[in-house]
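Written out below as C-alpha cells is the structure these notes cover.
The values are calculated or read from the model by the stated rules, or taken from the named source; none is laboratory data. This is a predicted model, so every value here is computed, not measured. All Cβ positions, even for glycine, are placed from backbone atoms using ideal geometry, and neighbour counts span all protein chains on display. Protein only, heavy atoms only, side chains kept; ligands, DNA and RNA dropped before computing areas. Shrake-Rupley method; radii C 1.70, N 1.55, O 1.52, S 1.80 Å.
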Amino acid sequence: MTSLNYDNIDDIVEAITSGREILNEVGAPLRITKLDRRQFLKMTGAVGGGLMLSFSAPKAFASKNASTFQPNGYVKIDESGIVLYAKNPEIGQGVKTSLPMIVAEELDANWEDVTVEQSSIDQAAYGMQFAGGSTAIPMNWMALRRAGATARSMLVEAAAKRWNVSVDSLATESSQVIHASSGRHAMYLELANEAAAVDVPNADTVTLKDAKDFRILGKRVTGVDNDGLVRGEPLFGIDQTVPGMKYAVFQKCDAIGGDVKSANLDEIKGMPGIHDAFVLEGNGSVRELLPGVAIVADSTWAAIKAKRALKIEWEETDASTDSWSHAMNEAERLRHESGPRVVDNGNVDTAFETSVKQASGFYRYAFASHAQLEPQNCTASFKDGKLELWAPTQTPGSAIMSAAKIVGIQPTNVTLHQKRCGGGFGRRLYNDFVCEAAAIAKRVGVPVKLQWTREDDMAYDWYRAGGFHQMHGSVDENGKISGWRDRFITFTNDGNRPVSGGGISPSVFPGGLLENVRVEQTALEWKNRCAAWRAPGSNVFAFVVGSFLHELAHTAGRDHLDVLLEVLGEPRQMGPRGMHTGRAAGVVKLAAEKAGWGRDLEPGRGMGVAFYYSHAGHIAEVADVSVSDDKKVKVHKVTVAADVGPIVNLSGAENQVQGSVIDGLSTMFNLAVSFENGRVQQNNFDKYSMLRMPSAPDIDVHFVKSDYAPTGLGEPAFPPLAPAVYNAIFEATGLRARTMPISEEGFSLA
C-alpha cells in the first residue's frame, strides 16, 4: 500500500496505474465523513425541496481520523426524478454506467427510473476523481453501496413517519417504499421532501443487500451514453464549442527538449483566418508546458494550414538524441554482462549447476504509442483572473492544479468541466495539452479550443517503454523448473529510477512462486517521455514471463498447462494484496476446459495458454491459432477466464475483456514506435497499423462467480493475450518468436 500527498501527481499516477491501494498522509484510507444535520442541509440544498445526498471527505488525504477510503456517492431525488451522479471520468471503460448501477442497486431503484449525469469536478467534496489503474470499481464499491443504502434508509424512515408505522414493517422495491400489511406504497419521488428532513444515519450502520437479492448488478446494462453516441451527440472534448471561441494549434520541437530560436510569425499572421501567432516559453516541466509556437485562428482548418506553413529554427542543444537502434546495440552488449540485482532469492547458481536441462532466450519489445482515437484537445477561457476548462482528461484534479500554476492563479479559481474521453489507456493521465490550452487562452484573452493532430499525438506521446530480457532457466531431473534468471535492460529519464512502467519488482510473476530466482536490472539513459500504458509493466512482462515459462515446459518435455499449474502450487494468498494462487489455478483450469485443451489439432494449428495477475485481476487466456507456410497467422479463437470478484455490469465487463484481447492482438502483431535523433519515426496510422476487423478472433469470455471483493477489469485482461498467442504459434510451427511486435520476425495476421 502507498501513502501519498494529495498534490504529488507523479506518485498518485504511479500508484493508481499500478493498481496499488492509495492511502492518505497518515497512512489510512479515506472514508465517508459523517455530516451533522446543519452540514447536511447546507450541502444538499434541502430548502429547495427534494432529497440530495452526498458522501464526502472534506479533502482527499486530509482527514486525520479516516479509517476507510469512501469517495463520494451522490444521489438526488426530487419531483422530476432520480438522478445519480458518476464521479469519475468516462474514457470508454463504462464507469459512467457501472458506478451509478452500484448506487441504484442499494437504493432499490428501477434502472429505468434513473437519470445519470457526470458530476462536477470538486475533489474537496468528492475526493479523488480519476480514471486509471482499473480502480474505479474497487475504490468505490463500498462507498457507493452505502450511498444508495443510506438514501434508501432515509426514504423508508420518511414513509414510516408518514404512515405512523415501524421501519421494520416496510420494504423497498422498484423505486418505491411498500407497507405490505396495509397495501400502501409510495414512490421515492413522493417521499423526497420528507426524506430530506430525516437525520442522516451513520453510513457504517446501514444495511446492505445480500448479493442473492441483487436485481441490477451482474446483468447486462447498456451504456448510459450509447444512444447519444449513436446519434453523434457532442459528448467528447473534441466536440466542445463556446460562444466567441477561436481555434488553436501548437507546434513543439520534434525532439523533446528543443527550444524556439526563430519562426516566421509575421508570415503566419498574414494568412487567411489567422487571429494570432506567437512563441510560448515552456515552464521547465515536460509534464506541463514545453516551448513552441501557438497559432490561433477562426477555424481548425485555418490553424492547421498555417501550422503546416510554419518555418521554425530550433535550438536543440538540450534536445533528445534518443536512438532505438543504439539502445538495441547497447542491450545486445549488456545482456552478456551481470547487472544490479533487484531480486535474488534462493541459490540460482547452484540450481543451474545441478540442473538436467537449461533454456535461454533474448526477448525484446518496442516502445508503443497510446494512439487513442480522439487526439488531445482542450477548450479554455481565461477572464477576470478565472480559468474555465472543458477537458477530456483522466486526472481532472491534476489538470486543475497544473493549469492554475501555468496561468498564475489559485486552483480555487479554476473550473473544469469533465468531458467524455475518446480513449485514454493512460495517456490522458498527463495534462500537458490542458496546460497548453490554458496558456494560449490567457495570452489571447478569448476562449480557445486547442486541437492536436494525429501527428502531434504520435510525436508528443508519453510512450510505453521498450525493453530487453535475457532469460535463462533450468529444470531438474523431475522436469520441474529449478532456476530462473532475468537479465532486464530498461530505460531511465533521470539516471536513477526506471521510467514509469519500466521497473520490475520482486512481486512480478512468477516472483514468490519459484525457489531460485534472480532478476538483474540495468537502465539506459532516455530523454523521451515514458508513462503508464494499459496495464503498465504487466503489458510487457507477461509477454516475456508467459512465453519463457512455455520455453521451459517444452525443454522439460511437459505439457505447458501442467507446468503452469505446478508453478502456481497449493492455494495460498501471496501477501495482503497479492495474487491468490488458488484463484489463479481456477481461471487457468477454466480457460483450458472451455477452450478444449488437449484435443487433437490438424498440422499447422496450435493452442497456447498464459496466466497473469495484474491490477488485482486473475486472468487466464487460451489462444487457438493456425499458421501458414508463409507465416500468416489466423487467430481463430481466444478463450478468457477471469476472476475479478462480483461483476457489476456484465455487458461492460465482457466489453472490457474483448477490448483487451483486440488491443493485445493489435499491439503484439504490428505496433512499434522507434526513435532516431530523438524523433519518432512513426507519425500516423500508415506507419502504426492497427488491427483490422477481418483479423479479429472469436472471443469467448467466462467469469468466475466470486465472493471476493471486486477488482478492476480494464487492464488485467490485456497482459495474458500476447504470451498465449506466441505459445500457440510455437505449438503450430515449432518456431519460437521473442520479439514484440512479432511482425519484426516475419509473422503477419491473416
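Counting only Cα atoms, the size of segment 409-485 along its three principal axes is 75, 31, 22 Å, in decreasing order.
Classify segment 585-696: rounded, prolate or oblate, from the alpha-carbon gyration tensor (a ≥ b ≥ c, eigenvalue square roots; a/c under 1.5 rounded; otherwise prolate if a/b is larger than b/c)?
Values: a/c = 2.25, a/b = 1.31, b/c = 1.72.
It is oblate, given that a/c is not under 1.5 and a/b is not larger than b/c.
Close amide H contacts of HIS636 (hydrogens built in the peptide plane, cut-off under 5 Å, sequence separation of 5 or more or a different chain): ASP624, VAL625, SER626.
With Rh defined as the Kirkwood radius, the inverse of the mean 1/r over Cα pairs, the Rg/Rh of the chain is 0.99.
Taking Cβ atoms as reference points and 10 Å as the exclusive limit, the residues near SER660 contribute a net charge of -2, counting Lys and Arg as +1 and Asp and Glu as -1.
How much of the pair distance distribution for segment 138-250 lies past 23 Å, counting alpha-carbon pairs only, in percent? In whole percent, the share of Cα-Cα pairs in segment 138-250 beyond 23 Å is 51.
Can you give the charge dipole size of the chain about its Cα centre, rounded to the nearest 20 debye, using +1 on the beta carbon of Lys and Arg and -1 on the beta carbon of Asp and Glu?
Working: 75 positive and 89 negative charges, 190 e Å.
It works out to roughly 920 debye.
Of the cross-linked pairs LYS594/LYS705; LYS594/LYS632; LYS480/LYS705, which ones have a Cα-Cα span greater than 21 Å in the structure shown? Before the final figure, lay out the partial values.
Details: LYS594/LYS705 15 Å; LYS594/LYS632 26 Å; LYS480/LYS705 32 Å.
Check vs 21 Å cut-off fails for LYS594/LYS632; LYS480/LYS705.
To the nearest 10, the accessible area of HIS580 is 30 Å² with a 1.4 Å probe.
Hey, what number do you get for the chain at 222 nm if only DSSP H runs of n ≥ 4 count, each worth -39500 (n - 2.57), divided across all residues, to the nearest 500? Spell out each step's value before the answer.
Details: 19 runs with 217 residues, N = 750.
About -9000 deg cm²/dmol.
Total lysine pairs in segment 69-231 at Cα distances under 28 Å, for residues eight or more apart or on different chains: 15. Excluding same-chain neighbours fewer than eight residues apart, the lysines reachable from LYS405 by a Cα-Cα span under 21 Å are LYS59, LYS252, LYS383, LYS386, LYS442, LYS449.
Determine the order of TRP314, TRP484 by accessible area, beginning with the largest, at a probe radius of 1.4 Å. Intermediate values should be presented prior to the final figure.
Working: TRP314 55, TRP484 5 Å².
Per-residue accessible area, sorted high to low, gives TRP314, TRP484.
Residues whose amide H lies under 5 Å from that of HIS580, counting only those 5 or more places away or on a different chain, are MET574; hydrogens are built 1.01 Å from N in the peptide plane.
The accessible area of ARG146, taken with all protein chains in place and a 1.4 Å probe, comes to roughly 50 Å².
Students often check this: by mean Cβ neighbours within 10 Å, which of 688-695, 254-261 ranks highest, and how do the rest follow? Could you put the intermediate results ahead of the total?
On the way: 688-695: 13.5, 254-261: 18.6.
Those peptides, ordered most packed to least, come out 254-261, 688-695.
Near the amide H of ALA523, within less than 5 Å, lie the amide hydrogens of THR490, all on another chain or at least 5 residues away, with H placed in the peptide plane. Largest first, the extents of the alpha carbon coordinates of segment 69-231 on the three principal axes equal 48, 35, 31 Å.
Of ILE662, ILE409, ILE268, the residue with the largest accessible area leads and the full order is ILE662, ILE409, ILE268 (1.4 Å probe).
Only protein heavy atoms count here; under a 1.4 Å probe, TYR613 has an accessible surface of about 50 Å².
Taking the three principal axes of the alpha carbon atoms in segment 254-410, the coordinate ranges are 76, 35, 30 Å, sorted in descending order.
Where the eigenvalues come from the Cα gyration tensor of segment 380-426, what are the semi-axes √(5λ) of the equivalent ellipsoid, largest first, in whole Å?
Numbers: eigenvalues 85, 24, 10 Å².
Those come to 21, 11, 7 Å.
Under the membrane-span-like helix rule (DSSP H runs whose alpha carbons stretch at least 20 Å along the helix axis, mean Kyte-Doolittle hydropathy -0.5 or higher), the chain yields 136-163, 538-556, 581-595, 650-670.
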